Amino acid sequence: MPNAAHRPAPDSMAGLLSEQVITFARDLKARYRIGLPVLAPTDDERPLRPEEVVNRDLDLGMYENPIVLSLIASRDPMSSTALAASARLIYASREQRLIGAIATVAGEMSKHADVRNGIGLAARYKFNPTIAERVADMSLRRVDQDRQQALQQLVDLVHRLRRGDPVGEKFVADLLRHAYAANLRPEVLQRTVLSILESPTLRSKIKLSLIENLHYFPRHLLIAVATQVNRMPFDNDHAFLKRELQLALQLNDHMRKNGTAARIARR
């Protein structure tokens, strides 16, 4: 990510809500509806890191927009990222009354108590930059705690899968969310997903759910899953997976070409 260009903030709601921003926010909401965190504006399809969000010398592209920052602060499942976004909002609110109003609403609606408290305190003190620094520090202190907790949740989820315990209909989103929040290396996530797909003891419903949610996978993982399924023998045990894979790949291609809300927001 390049250094930030210090541009004046838009002074009207129309200036904030371009068609591109509306589409981007819609895609971000689609991720949040199933519990996935925001992705970085990079090509490696990884989560946006709190360390990047609090660094105001970095140009975050579309994530600089106060509407997008308010979404992250209010709805991102990772509390450290939500806090980082709220800190960036507080800084910007000092310069523009409209951004302050957006930040205040985001604080009131946030799922994270620390974000609500931080933005509420900032609003009472007219968005003093000192409070933004305190919120940014809180975000960075929360990073290790969030990652350790997410790693334990990921381990527990995989163990429940292998024991045959119920994992819920959104287990794929849970798997990805925990892996992202734990900052799991891409190759480790890939081995985890492929081990589930290759397991002879797991129910077919679990494997089918992996394929049905293929459009939420980072590209390297999507390719790995597709390759592994294609390598499977064409027998009664695997024919339905191959068939579902073709449908999932067609759906993924359609989403990327047409920019639907289920598409992963990357740019």
Could you check segment 178-200 and list, in sequence order, the residues that are under 25 Å from His238 (Cα atoms) and either in contact (Cβ under 8 Å) with a residue 60 or more places away in the chain or part of a helix (DSSP H, G or I) (or both)? Glu187, Val188, Leu189, Gln190, Arg191, Thr192, Val193, Leu194, Ser195, Ile196, Leu197, Glu198
What is the residue count in segment 17-40 for residues that are touching a helix residue (DSSP H, G or I) at 6+ places or on another chain (Cβ under 7 Å) and hydroxyl-bearing (Ser, Thr, Tyr)? 1
For segment 150-177, what are the residues that are under 22 Å from Gly35 (Cβ atoms) and without any contact (Cβ under 8 Å) to a residue 24 or more places away in the chain? Gln152, Val155, Asp156, Leu157, His159, Arg160, Asp165, Pro166, Gly168, Leu175
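Provide a single number: the residues in segment 92-112 that are out of contact with any Phe, Trp or Tyr (no Cβ under 6 Å at 6 or more places or on another chain) and either among the β-branched types (Val, Ile, Thr) or open to solvent by 10 Å² or more (accessible area, probe 1.4 Å) (or both).
Taking segment 92-112 and keeping what is out of contact with any Phe, Trp or Tyr (no Cβ under 6 Å at 6 or more places or on another chain), we get 92, 95-99, 101-112.
Now restrict to residues that are either among the β-branched types (Val, Ile, Thr) or open to solvent by 10 Å² or more (accessible area, probe 1.4 Å) (or both): 92, 95-99, 101-102, 104-105, 108-109, 111-112.
Result for segment 92-112: 14.
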Please verify whether Leu89 is assigned to a helix (DSSP H, G or I), touching a Leu at 6+ places or on another chain (Cβ under 9 Å), open to solvent by less than 40 Å² (accessible area, probe 1.4 Å) and not β-branched (Val, Ile, Thr), treating the condition exactly as stated. yes
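If you take the residues in segment 214-254 that are part of a helix (DSSP H, G or I) and more than 20 Å from Val193 (Cβ to Cβ), which one is modelled with the lowest pLDDT? Before you say what the answer is, go through the steps one by one.
Going residue by residue through segment 214-254, those that are part of a helix (DSSP H, G or I) are 214-216, 219-231, 239-254.
Right, trim to more than 20 Å from Val193 (Cβ to Cβ) and you get 239, 250, 253-254.
Details: Ala239: 78, Gln250: 75, Asp253: 70, His254: 63.
Here the answer is His254.
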Contacts under 7 angstrom Cβ, first residue in segment 206-235 being touching a residue at least 24 places away in the same chain (Cβ under 8 Å), partner of a type in the set (Ser, Thr, Tyr) and surrounded by 15 or more Cβ atoms within 10 Å (Cβ to Cβ), 6 or more apart: none
Pick from segment 205-223 the residues that are over 17 Å from the mean Cα position of the chain (by Cα) and charged (D, E, K, R): which of them is least open to solvent (accessible area, probe 1.4 Å)? Lys207
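Suppose we keep only residues that are modelled with pLDDT of 85 or more and closer than 15 Å to Phe240 by Cα within segment 193-204. Which one would you say is least open to solvent (accessible area, probe 1.4 Å)?
First, the residues of segment 193-204 that are modelled with pLDDT of 85 or more: 193-199.
Narrowing further to those that are closer than 15 Å to Phe240 by Cα: 197-198.
Numbers: Leu197: 1, Glu198: 96 Å².
Selected residue: Leu197.
The values are calculated or read from the model by the stated rules, or taken from the named source; none is laboratory data. Worth saying up front: this structure is predicted, and the values here are computed from it rather than measured. Quick reminder, even Gly has a Cβ in these numbers, built from the backbone with ideal geometry, and neighbours come from all protein chains shown. All accessible areas refer to the heavy atoms of the entire protein, side chains included, with ligands and DNA or RNA removed. Shrake-Rupley method; radii C 1.70, N 1.55, O 1.52, S 1.80 Å.
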